Amino acid sequence: MDILVEEFRNFLSVEKGASPNTIEAYMRDIGRFMEFAGKRGRGSLERVRRDDITAFMVSEKRRGLSASSIARSLAALMMLFKFLAANKYIRKDIAGVLESPKLWKYLPDILSPEEVEKLLKAPDTSKQLGRRDRAILELMYASGLRVSEAAGMLKAGKITEEDYLKLEDEATPTCGSCSFLGTANTMCCIAEAMGMSLPGSGTIPATHAERLRAAQATGRRIVEMVHEGLAARQIIDRRAVENGIRLSTAIGGSTNTALHLPAIAYEAECDLDMDQFESLCRTTPHIAKMNPAAAANVPDFHRAGGVQAVMKEILHLVHGDALTVTGKTVAQNLEGVPDGHRSIVRPTAEPWSEGGGLAILRGNLAPDTAITKPAAIVPEMQTFTGRARCFDSEVEANQAILDGAVQEGEVVVIRYEGPKGGPGMREMYSAMKFLYGRGLALKTALVTDGRFSGTNNGCFVGHISPEAAEGGPLALVRDGDEIAIDIPGRRLDLRVGDDELERRRQAWQRPEPKIRSGYLALYARLAESADKGAVIRHRD
């Protein structure tokens with residue numbers, strides 16, 4: 001180790017021209033990071049992950065370090081990793097943990113745009129930052145923001161209207177679903193895992209000629225299935241549904257999986273409850289990581305091997321004998337499939353995390369369960385206790401966040417947005433993005449009986465059941481109540497005594513329906529709770 005340290009010092013001095021003071025500062029930064037990573041169970045640099053870097057930078061910010069000190073720490077780590085990779089001490093994919101702008105998805109909690117701008121526009125940046133530091137800041141400043149996240153930053157005065165409009169004009173440049181692992185891509189992956197689409201077809205980018213070839217092959221196979229008498233009900237059974245859940249949690253898929261798969265199971269007459277869902281999540285490691293949990297997007301996942309590579313890794317956990325649209329079993333389809341690229345798809349023996357990418361919570365605030373996505377939540381935010389700030393609709397919550405009414409340390413409660421209360425269970429997508437834009441992603445949490453987008457990150461819990469419109473505990477929460485979220489412990493609790501909750505329950509009155517006629521009104525009367533897939537029951 002002493003020889004390695006000396007080599008790195010020489011590298012900084014000779015190749016980078018760093019001064020003795022700068023070298024000493026870099027070595028101190030690296031020492032603090034290694035101590036921090038060691039406490040997270042990373043005994044060597046080979047085991048360092050993007051989350052470790054992000055968490056370290058957030059901790060440095062909370063220690064009160066200046067923007068220039070944090071930028072210097074980033075520079076030190078980047079140079080260390082590049083040096084180690086160049087000299088073959090670590091693999092190049094390990095060194096790449098610092099390369100992507102999407103590493104800085106929590107940018108406002110590390111360096112605010114104002115701090116970055118101030119450093120970049122300083123008259124003599126050489127006195128504060130080296131060229132490498134400056135390059136990293138520019139990388140951070142140019143990091144990919146979503147339009148809704150930028151809306152929160154605009155309201156907070158962190159970007160100009162010109163910046164916002166430019167981002168809005170340049171977003172969504174082509175066809176297809178969003179490139180991150182949202183609900184659309186999650187369900188495409190699940191359909192493939194369940195055997196309802198051709199192997200390898202679930203993640204093909206919309207602009208690729210391969211997509212047209214897959215469409216033609218699919219059409220031909222459908223005709224063949226008609227002649228063979230092979231129908232969906234022969235494929236979608238309990239084995240297929242369980243395979244879909246395993247795959248979803250292995251890739252850190254959308255929380256909406258917990259709505260769609262119980263609904264599919266109901267139609268397939270192989271009902272699924274949330275205890276079974278949680279059991280499958282708990283026993284499936286999270287082995288494929290992509291946006292919003294990492295820098296890679298779904299097209300990267302496709303190039304890394306996609307669904308078939310993941311299914312190969314978890315074959316010992318899934319039902320390999322389940323039938324698929326090819327007329328073959330899952331196991332037969334996986335014969336000859338190569339290993340996935342290890343920068344995205346890991347073996348089950350070396351997962352991104354042990355407990356799966358999705359988690360079912362219970363507690364006095366969610367007696368019939370709620371869901372969250374630990375794959376997209378940094379470890380430091382997987383336990384959170386804060387004061388409730390209650391809103392009876394998504395619209396009210398969004399406006400309050402944009403107006404700056406939500407403060408650090410609060411748990412935003414959005415209720416009456418469930419299947420009945422919505423009606424229809426809207427996504428609380430915007431609220432999470434606005435919190436991010438205002439720099440509150442790592443300082444607040446959000447709980448709701450509504451849904452979330454697959455792109456959301458930060459501390460969030462959705463699908464709280466029973467919902468507020470049915471008189472569930474969520475309806476009884478008041479501003480200032482303490483709410484405790486414990487994702488590792490699978491708990492969601494309102495720290496209010498049983499007697500007080502009973503008094504509130506007796507005083508509660510069901511709100512008037514938002515819609516009184518048409519299909520939405522009918523759905524509001526008949527829909528089941530989120531934990532049952534929000535279905536309309538049509539059989540005994």
Filtered residues of the stretch 367-413 (kept if closer than 18 Å to A475 by Cβ and hydroxyl-bearing (S, T, Y)): T369, S393
Select from the stretch 486-523 the residues that are within 29 Å of the chain's Cα centre (by Cα) and small (G, A, S) and list them in ascending order. G489
Sole exception among (1) in a helix (DSSP H, G or I); (2) not assigned by TED's automatic domain parsing to the domain that holds K514 for V395, by number: (2)
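Residues are listed down the side, and each one gets a yes or a no for (1) under 21 Å from A258 (Cβ atoms); (2) in contact (Cβ under 8 Å) with a residue 24 or more places away in the chain:
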residue: T448; (1), (2): yes, yes
residue: I464; (1), (2): yes, yes
residue: G471; (1), (2): no, yes
residue: D481; (1), (2): no, yes
residue: D499; (1), (2): no, no
residue: Q506; (1), (2): no, no
residue: G518; (1), (2): no, no
Collect the residues in the stretch 296-341 that are basic (K, R) and buried (at least 18 other Cβ atoms within 10 Å of the Cβ), keeping them in residue-number order. K312
Note: among L476, L446, just one is over 29 Å from I264 (Cβ atoms) and surrounded by 21 or more Cβ atoms within 10 Å (Cβ to Cβ), namely L476
Which numbered condition T372 fails, given (1) farther than 23 Å from P419 by Cβ; (2) β-branched (V, I, T); (3) modelled with pLDDT of 90 or more: (1)
Considering each of R415, R438 in turn, give the residue that is of a type in the set (K, R) and under 18 Å from A388 (Cβ atoms). R415
Pull up the stretch 225-246, narrow it to residues that are assigned to a helix (DSSP H, G or I) and free of Cβ contacts under 8 Å to residues at least 60 places away in the same chain, then point me to the one that is surrounded by the fewest Cβ atoms within 10 Å (Cβ to Cβ). H227
F460 is checked against (1) within 18 Å of L181 (Cβ to Cβ); (2) assigned to a loop (DSSP other than H, G, I, E, B); (3) among the hydrophobic types (A, V, I, L, M, F, W, C) and fails just one. What number does that condition carry? (2)
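Condition first: over 18 Å from L446 (Cα atoms) and not polar (S, T, N, Q). Can you find one or more residues in the stretch 470-483 that meet it? Please lay out each step first, then the result.
At the first step, the residues of the stretch 470-483 found to be over 18 Å from L446 (Cα atoms) are 470-471.
Still in the list and also not polar (S, T, N, Q): 470-471.
Scanning the stretch 470-483 turns up at least one residue that is over 18 Å from L446 (Cα atoms) and not polar (S, T, N, Q).
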Scanning the stretch 363-387 residue by residue, those over 20 Å from the mean Cα position of the chain (by Cα) and either crowded, with 23+ Cβ neighbours inside 10 Å or aromatic (F, W, Y) (or both) turn out to be L365, A366
Identify, by number, the condition in (1) touching an Asp or Glu at 6+ places or on another chain (Cβ under 8 Å); (2) modelled with pLDDT of 95 or more that H227 doesn't meet. (1)
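Residues are listed down the side, and each one gets a yes or a no for (1) surrounded by 24 or more Cβ atoms within 10 Å (Cβ to Cβ); (2) more than 25 Å from A530 (Cα to Cα); (3) under 22 Å from the mean Cα position of the chain (by Cα); (4) not small (G, A, S):
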| site | (1), (2), (3), (4) |
| --- | --- |
| D392 | no, no, no, yes |
| Q407 | no, yes, no, yes |
| V411 | yes, no, yes, yes |
| G422 | yes, no, no, no |
| G439 | no, yes, yes, no |
| R451 | yes, no, yes, yes |
Of (1) without any contact (Cβ under 8 Å) to a residue 40 or more places away in the chain; (2) of a type outside the set (A, V, I, L, M, F, W, C); (3) over 30 Å from R233 (Cβ atoms), P205 satisfies every one except (1)
If you take the residues of the stretch 154-213 that are among the basic types (K, R) and not assigned by TED's automatic domain parsing to the domain that holds L259, which of them is surrounded by the fewest Cβ atoms within 10 Å (Cβ to Cβ)? K166
Across (1) part of a helix (DSSP H, G or I); (2) of a type outside the set (F, W, Y); (3) within 16 Å of A309 (Cα to Cα), A258 clears everything bar (3)
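The values are calculated or read from the model by the stated rules, or taken from the named source; none is laboratory data. Since we're looking at a predicted model, the values are computed, not measured. No Cβ is skipped: glycine too gets one built from the backbone with ideal geometry, and neighbour counts run over all protein chains shown.
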